[in-house]
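Peer 1: One structure follows; several queries about it will come next.
The values are calculated or read from the model by the stated rules, or taken from the named source; none is laboratory data. The model shown is predicted, which means the values in this text are computed figures rather than measured ones. Positions of Cβ are backbone-derived with ideal geometry, glycine not excepted, and every protein chain shown enters the neighbour counts.
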Amino acid sequence: MFSDLSKVRNIGISAHIDSGKTTLTERILFYTDRIRKIHDVKGKDGIGATMDSMELERERGITIASAATYCQWDGHHINIIDTPGHVDFTIEVERSLRVLDGAVMVLCAVAGVQSQSLTVDRQMRRYKVPRLAFINKADRSGANPYRVVEELKEKLKLNAVLMQLPIGLEADHIGVVDLVEMRALYFEGDNGETVREDAIPEHMLDAAEEKRNEIIEAASMFNDELLEAALEDNVTSEQIHAGVRRGVLDLGLTPVFVGSAYKNKGVQPLLDAVIRYLPDPTEIENVALDLDDNEREFKVEVDPKQPLIALAFKLDEGRFGQLTYVRIYQGTLKKGDTIFNSRMSRDIRVGRLVRMHADEMEDIESAAAGDIVALFGIDCATGDTFTANRRAVAMSSIHVPEPVIHIAIKSKDRKTEGNVAKALARFVKEDPTFRTRVDEESAETIISGMGELHLDVYIERMKREYNAEVETGQPQVAYREAISRRAEFDYTHKKQTGGSGQYGRVAGYVEPFDAGDFDFVNEIRGGVIPTEYIPAVEKGFRTAMDKGKLIGFPVTGLRVCINDGAAHAVDSSDMAFQAAARGAFNEVYNKSRPQILEPIMRVAVEGPGEFQGAFVRSVMQRRGVIVGTTESEGFVRVEADVPLSMMFGYSTDLRSSTQGKAEYTMEFAKYAPVPAEISEELIKKFRTETDSRGN
Amino acid sequence: MRRKEVNERSPVRLLEASIHGGLGAGNIAAVVARHGVGKTAFLVGVALDDLMRGRKVLHVSLEEPSERVRSFYDEIFSDLAHERELEDVWRVRLELERNRRIHSYLDGTFSIAKLRDAIYMNRDHGDFHPVAIMLDGFPFADTTVAEIDELRAIAEELDAELWMTAVTHRDDETDENGLPAPVAGLADRIDVILQMAHDTKAVHISLLKDHDNPDVPDLKLALDPTTMLLRRER
């Protein structure tokens with residue numbers, strides 16, 4: 001445990017997929033002595049970078065799960081949460097952003113700001129994360145950090161300020177000029193571990209002077225002392241640091257650093273900057289919800305002496321067993337404590353408390369507010385809140401979108417069926433956007449998620465981690481059904497032949513409901529349906545809604561109001577009223593003009609300006625609606641709402657129509673009615689399928 | 001509050017009354033202010049008023065990428081919905097998005113010809129007929145009378161209002177009618193001219209020109225600097 005919270009940093013490293021984030025993390029761990037050897041992503045030694053703890057990630061060279069790790073630098077304690085880069089995993093990104101106090105945004109010096117950077121930028125803004133930028137890969141051919149800084153300003157509208165100048169670019173990149181201290185830094189030794197200071201190369205002096213003044217000008221907006229000193233021309237480094245820091249915390253300034261993680265350039269100064277400019281846990285305001293008081297928001301106090309509040313933000317089942325990563329917001333967590341899971345209303349004993357470093361761990365006795373640690377072998381789900389004294393408090397919930405795509409899976413081998421089940425159970429706990437169920441009719445296992453790639457990754461993980469290969473069906477869009485107008489029902493369920501009879505009558509109306517899936521209104525007067533049967537009526541409607549009458553997909557946005565009915569003294573029962581409600585639903589559904597809804601994705605395609613026509617066409621052909629276009633020098637970005645069902649195979653088409661020069665991102669946006677002709681097609685298909693099954 | 005009431009009570013009604021029934025189709029308004037005062041927020045406020053009535057709006061920005069413009073709309077709309085306790089927020093938002101198009105032309109890629117092409121493409125292939133065009137960041141300082149006339153022709157053909165922003169600078173001079181530099185020479189080509197300026201409390205919006213009306217009325221309109229919502233001034 002640490003006594004001085006001002007020496008703690010919880011940071012994320014967030015970036016586009018190929019900007020070298022994992023390599024940068026690897027170097028950070030090396031320079032902070034957490035690992036002894038450097039491996040590269042997709043390393044020739046087959047070991048791979050330490051942060052990608054999953055084999056699959058190693059093979060693909062991408063980071064899927066956000067492992068947390070920690071290191072120490074200059075007397076400070078840094079927790080690093082590695083965040084995934086692909087948009088299909090944004091729930092992971094958002095979850096990590098929730099527990100971060102600051103971030104390093106890694107950009108590629110060649111590719112610059114790409115569409116994924118824009119998505120990540122929007123998330124960072126939403127969670128108000130202060131950040132630094134690191135322009136990586138300055139050693140690559142075509143590297144131009146100055147252009148990337150301009151893109152940060154123009155595309156992301158960040159007040160980006162270059163804090164360093166690269167000494168040499170591409171193959172000649174050998175170091176950086178520190179513009180605050182006005183010195184050159186070279187990285188020497190086998191792995192760049194020795195930082196050598198020197199005078200700024202003669203030919204760079206003028207440029208350095210000019211850029212330094214830009215820093216002072218930008219930072220003086222946030223520090224009056226610096227502003228005065230600048231006017232009198234006796235600025236100190238401390239004043240500049242103070243101004244930059246304030247600017248970062250106020251989200252008004254983004255200092256930019258340069259280097260090449262792969263070539264071991266510029267990593268140590270970046271670590272200095274993390275400590276110097278990013279906030280400590282006490283400088284960030286976090287709120288929790290009091291579940292006993294109507295979810296009233298209150299501010300958590302970053303104080304080890306207050307009662308515990310901690311959030312489980314990541315589950316991971318590795319070779320040590322199940323690990324739960326938690327961020328402690330308030331109080332202290334000790335080994336042997338009994339804590340309370342407020343969602344499950346259950347006490348939990350803290351058996352082991354560990355500090356994680358990627359795949360290795362270290363036992364600790366206790367941890368305090370502001371820290372990120374892992375609990376061992378605890379049963380909970382991601383997003384659960386732990387408290388002391390059985391207090392019903394939740395950290396404000398993270399919005400979890402409904403899955404939009406399904407795939408049926410089947411074990412290739414009967415022997416591994418158990419493994420599949422085990423794998424699915426774990427994935428569901430780890431990832432709230434991943435769901436699984438068994439289809440009643442086909443007895444197939446259906447998995448659901450946020451996109452094709454999202455599900456692909458889990459299918460691969462089953463194979464690798466659980467040795468369970470599965471066959472997959474065609475991806476299916478998760479349609480919904482909804483009624484579009486009010487309609488009345490009056491239905492009597494009566495069965496009085498032999499044995500005990502069944503009797504129940506329900507009457508009322510259904511209407512579209514905006515604010516959620518289902519709303520049940522009971523307006524029964526005079527007990528014509530006895531109160532004890534009302535829950536059965538509600539349940540009957542709920543069950544009926546699981547399968548709409550059009551194409552058998554769940555019904556959403558339905559309000560049911562019951563205002564009349566009848567019961568029989570002997571023959572009425574819960575069962576009879578459930579059956580009556582199901583009958584009423586069948587009766588009223590077609591009258592209420594049901595329609596099929598489909599998931600609509602917000603798609604952004606971008607690439608060289610000459611492809612504008614191709615982008616617009618590709619989107620229009622897919623029933624897309626253009627919502628915006630952005631043209632800038634040589635570059636165009638088209639945003640559109642496109643039905644998910646039309647997006648299968650889009651990446652291949654886009655690649656071939658643009659010679660691979662364009663890229664796209666896609667996020668779930670909303671549900672919307674499908675056009676009439678497609679609706680008819682879907683209904684016809686559904687009927688043929690059910691007929692062929694013989695029902 | 002229902003959206004109809006939100007519209008009825010909208011501060012934009014006050015603006016309409018002050019400029020005698022609104023800007024009018026085929027006419028041009030210019031909103032003049034220094035950098036960062038809230039010109040875009042003003043345009044978005046006027047656009048939202050149209051959108052809330054189910055009308056279509058085209059927003060053209062020369063300064064922000066379309067995604068940023070959209071989040072501007074999202075933020076101002078959600079503040080508005082919150083403040084007025086708007087009903088059916090979800091449904092209204094969907095409709096707004098359907099009725100709004102955003103085009104951004106950055107790094108000097110804008111030209112009136114391009115704008116014309118985009119508008120006609122939207123109209124002819126996308127069945128998109130806007131009642132208002134918001135043109136944000138048009139380079140007034142370098143424009144010519146002919147260009148303004150060209151823009152007017154587009155507005156007239158489309159039967160749409162054209163709202164534009166113009167930047168003033170600290171040392172810009174005003175002409176004898178009190179019109180600041182970027183629009184001073186164009187007064188006879190622009191129907192309505194508004195100016196925004198802020199003091200410590202709010203951003204005040206005043207009317208400098210109202211069609212051909214010689215007595216320009218006092219406009220009691222302001223922009224709240226925190227929510228960026230338009231409001232009546234007490």
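Peer 1: Tally time: how many residues in the range A:509-536 are touching a residue at least 24 places away in the same chain (Cβ under 8 Å), within 14 Å of chain B (Cβ to nearest Cβ) and not in a strand (DSSP E or B)?
Peer 2: So the answer is 4.
Peer 1: I'd like to check which helices (runs of 4 or more DSSP H) are fully inside the range B:1-52 and have at least 2 residues that are surrounded by 23 or more Cβ atoms within 10 Å (Cβ to Cβ). Talk me through it step by step, then tell me what you get.
Peer 2: On the way: elements: B:3-8, B:11-18, B:39-52.
Fully inside the range B:1-52 and qualifying: B:39-52.
Peer 1: Just to be sure I understand, how many residues within the range A:210-225 are assigned to a helix (DSSP H, G or I) and touching a residue at least 24 places away in the same chain (Cβ under 8 Å)?
Peer 2: First, pick out the residues of the range A:210-225 that are assigned to a helix (DSSP H, G or I): A:210-220, A:224-225.
Going one step further and asking which of them are touching a residue at least 24 places away in the same chain (Cβ under 8 Å), we end up with A:211-212, A:214-216, A:218-219.
Total meeting the criteria: 7.
Peer 1: Got a sec? Which of A:Asp292, A:Asp316 is farther than 17 Å from A:Gly12 by Cα, part of a helix (DSSP H, G or I) and not aliphatic (A, V, I, L, M)?
Peer 2: Numbers: A:Asp316 fails: part of a helix (DSSP H, G or I).
Result: A:Asp292 is the single residue among A:Asp292, A:Asp316 that is farther than 17 Å from A:Gly12 by Cα, part of a helix (DSSP H, G or I) and not aliphatic (A, V, I, L, M).
Peer 1: Next question. I'd like to check something: does the range B:138-149 contain any residue that is surrounded by fewer than 19 Cβ atoms within 10 Å (Cβ to Cβ) and under 16 Å from the mean Cα position of the chain (by Cα)?
Peer 2: Within the range B:138-149 (the criterion being surrounded by fewer than 19 Cβ atoms within 10 Å (Cβ to Cβ) and under 16 Å from the mean Cα position of the chain (by Cα)), the answer is yes, since at least one residue qualifies.
Peer 1: Residue by residue through the range A:547-582, note down the ones that are assigned to a loop (DSSP other than H, G, I, E, B) and over 29 Å from A:Ser448 (Cα atoms).
Peer 2: A:Ala567, A:His568, A:Ala569, A:Val570, A:Asp571, A:Ser572, A:Ser573
Peer 1: Please find, among B:His198, B:His169, the residue that is surrounded by fewer than 13 Cβ atoms within 10 Å (Cβ to Cβ) and touching a residue at least 60 places away in the same chain (Cβ under 8 Å).
Peer 2: Details: B:His198 fails: surrounded by fewer than 13 Cβ atoms within 10 Å (Cβ to Cβ).
Only one candidate passes the filter, namely B:His169.
Peer 1: Here's something else I'd like to know. Would you confirm, using the coordinates I've provided, whether A:Arg542 is among the charged types (D, E, K, R), part of a helix (DSSP H, G or I) and modelled with pLDDT under 95?
Peer 2: yes
Table: residues versus (1) in contact with an Asp or Glu (Cβ under 8 Å, 6 or more places away or on another chain); (2) of a type in the set (Ser, Thr, Tyr); (3) more than 28 Å from A:Ile328 (Cα to Cα).
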| position | (1), (2), (3) |
| --- | --- |
| A:Glu228 | no, no, yes |
| A:Glu232 | no, no, yes |
| A:Thr236 | no, yes, yes |
| A:Arg246 | no, no, no |
| A:Leu249 | yes, no, no |
| A:Asp272 | yes, no, no |
| A:Tyr277 | no, yes, no |
| A:Glu285 | no, no, no |
| A:Leu291 | no, no, no |
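Peer 1: From the list A:Ile524, A:Ile551, A:Ile562, which one is modelled with pLDDT of 90 or more, in contact with a Leu (Cβ under 8 Å, 6 or more places away or on another chain) and not charged (D, E, K, R)? Break it down into steps so the answer makes sense when it comes.
Peer 2: Details: A:Ile524 fails: in contact with a Leu (Cβ under 8 Å, 6 or more places away or on another chain); A:Ile562 fails: in contact with a Leu (Cβ under 8 Å, 6 or more places away or on another chain).
Selected residue: A:Ile551, the only one of A:Ile524, A:Ile551, A:Ile562 that is modelled with pLDDT of 90 or more, in contact with a Leu (Cβ under 8 Å, 6 or more places away or on another chain) and not charged (D, E, K, R).
Peer 1: Turning to a different aspect of this structure: Of all residues being crowded, with 19+ Cβ neighbours inside 10 Å, modelled with pLDDT of 80 or more and closer than 20 Å to A:Val428 by Cα in the range A:342-385, which is nearest to the chain's Cα centre (by Cα)? Just the residue, please.
Peer 2: Residue satisfying both the conditions and the ranking: A:Asp384.
Peer 1: I've got another one for you. Condition test on A:Glu639, is it within 22 Å of A:Gln474 (Cα to Cα) and within 13 Å of chain B (Cβ to nearest Cβ)?
Peer 2: Working: within 22 Å of A:Gln474 (Cα to Cα): no; within 13 Å of chain B (Cβ to nearest Cβ): yes.
Spelling it out, it is not the case that A:Glu639 is within 22 Å of A:Gln474 (Cα to Cα) and within 13 Å of chain B (Cβ to nearest Cβ).
Peer 1: Here's something else I'd like to know. Is it the case, given these coordinates, that A:Val235 is of a type in the set (A, V, I, L, M) and assigned to a loop (DSSP other than H, G, I, E, B)? Steps first, please.
Peer 2: Numbers: of a type in the set (A, V, I, L, M): yes; assigned to a loop (DSSP other than H, G, I, E, B): yes.
For A:Val235, the condition - of a type in the set (A, V, I, L, M) and assigned to a loop (DSSP other than H, G, I, E, B) - is met.
Peer 1: Now a separate question. Surrounded by 20 or more Cβ atoms within 10 Å (Cβ to Cβ) and at pLDDT 90 or above: is that true of A:Val302 in this structure?
Peer 2: On the way: surrounded by 20 or more Cβ atoms within 10 Å (Cβ to Cβ): yes; at pLDDT 90 or above: no.
When the stated conditions are applied, A:Val302 does not pass them.
Peer 1: Considering only the range A:647-657, state which residues are surrounded by fewer than 18 Cβ atoms within 10 Å (Cβ to Cβ) and not polar (S, T, N, Q). Spell out the reasoning first.
Peer 2: Here is the first cut: in the range A:647-657, the residues surrounded by fewer than 18 Cβ atoms within 10 Å (Cβ to Cβ) are A:648-649, A:651-653, A:655-657.
Answer for the range A:647-657, where residues must be surrounded by fewer than 18 Cβ atoms within 10 Å (Cβ to Cβ) and not polar (S, T, N, Q): A:Phe648, A:Gly649, A:Asp653, A:Arg655.
Peer 1: Output the number of the condition that A:Ala580 fails; it satisfies all remaining conditions of (1) modelled with pLDDT of 90 or more; (2) more than 10 Å from chain B (Cβ to nearest Cβ); (3) out of contact with any His (no Cβ under 8 Å at 6 or more places or on another chain).
Peer 2: (3)
Peer 1: With the structure loaded, tell me whether A:Ser632 is polar (S, T, N, Q), more than 11 Å from chain B (Cβ to nearest Cβ) and over 25 Å from the mean Cα position of the chain (by Cα) or whether it fails that test.
Peer 2: Working: polar (S, T, N, Q): yes; more than 11 Å from chain B (Cβ to nearest Cβ): no; over 25 Å from the mean Cα position of the chain (by Cα): yes.
When the stated conditions are applied, A:Ser632 does not pass them.
Peer 1: Right, another one. Could you please give the count of residues in the range A:428-478 that are in a loop (DSSP other than H, G, I, E, B) and under 20 Å from A:Lys314 (Cα atoms)?
Peer 2: Just the residues of the range A:428-478 that are in a loop (DSSP other than H, G, I, E, B), to begin with: A:431-434, A:439-444, A:450-451, A:467-469, A:473-475, A:478.
Next, from what is left, pick out any that are under 20 Å from A:Lys314 (Cα atoms): A:431-434, A:450.
Number of matching residues: 5.
Peer 1: Give me the pairs: first residue in the range A:237-256 and at pLDDT 90 or above, second residue of a type in the set (Phe, Trp, Tyr) and crowded, with 22+ Cβ neighbours inside 10 Å, beta-carbon distance under 7 Å, and six or more apart or on different chains, which are they?
Peer 2: Hits for this filter: A:Val244/A:Tyr277; A:Arg245/A:Tyr277; A:Val248/A:Tyr277; A:Pro255/A:Tyr277.
Peer 1: Look through A:Val625, A:Val638, A:Val605, A:Val588 and report the one residue that is among the β-branched types (Val, Ile, Thr), modelled with pLDDT of 90 or more, over 30 Å from A:Lys494 (Cβ atoms) and out of contact with any His (no Cβ under 6 Å at 6 or more places or on another chain).
Peer 2: A:Val638
Peer 1: Inspect all residues belonging to the range A:650-665 and state whether any of them is more than 14 Å from chain B (Cβ to nearest Cβ), in contact (Cβ under 8 Å) with a residue 60 or more places away in the chain and either in contact with a helix residue (DSSP H, G or I) (Cβ under 7 Å, 6 or more places away or on another chain) or within 29 Å of A:Glu441 (Cα to Cα) (or both).
Peer 2: So in the range A:650-665, the residues more than 14 Å from chain B (Cβ to nearest Cβ) come out as A:650-663.
Okay, now just the ones that are also in contact (Cβ under 8 Å) with a residue 60 or more places away in the chain, so A:663.
Right, trim to either in contact with a helix residue (DSSP H, G or I) (Cβ under 7 Å, 6 or more places away or on another chain) or within 29 Å of A:Glu441 (Cα to Cα) (or both) and you get A:663.
Yes, because at least one residue in the range A:650-665 is more than 14 Å from chain B (Cβ to nearest Cβ), in contact (Cβ under 8 Å) with a residue 60 or more places away in the chain and either in contact with a helix residue (DSSP H, G or I) (Cβ under 7 Å, 6 or more places away or on another chain) or within 29 Å of A:Glu441 (Cα to Cα) (or both).
Peer 1: In the range A:538-588, which residues are among the polar types (S, T, N, Q), buried (at least 16 other Cβ atoms within 10 Å of the Cβ) and under 19 Å from A:Ala482 (Cα atoms)?
Peer 2: A:Thr556
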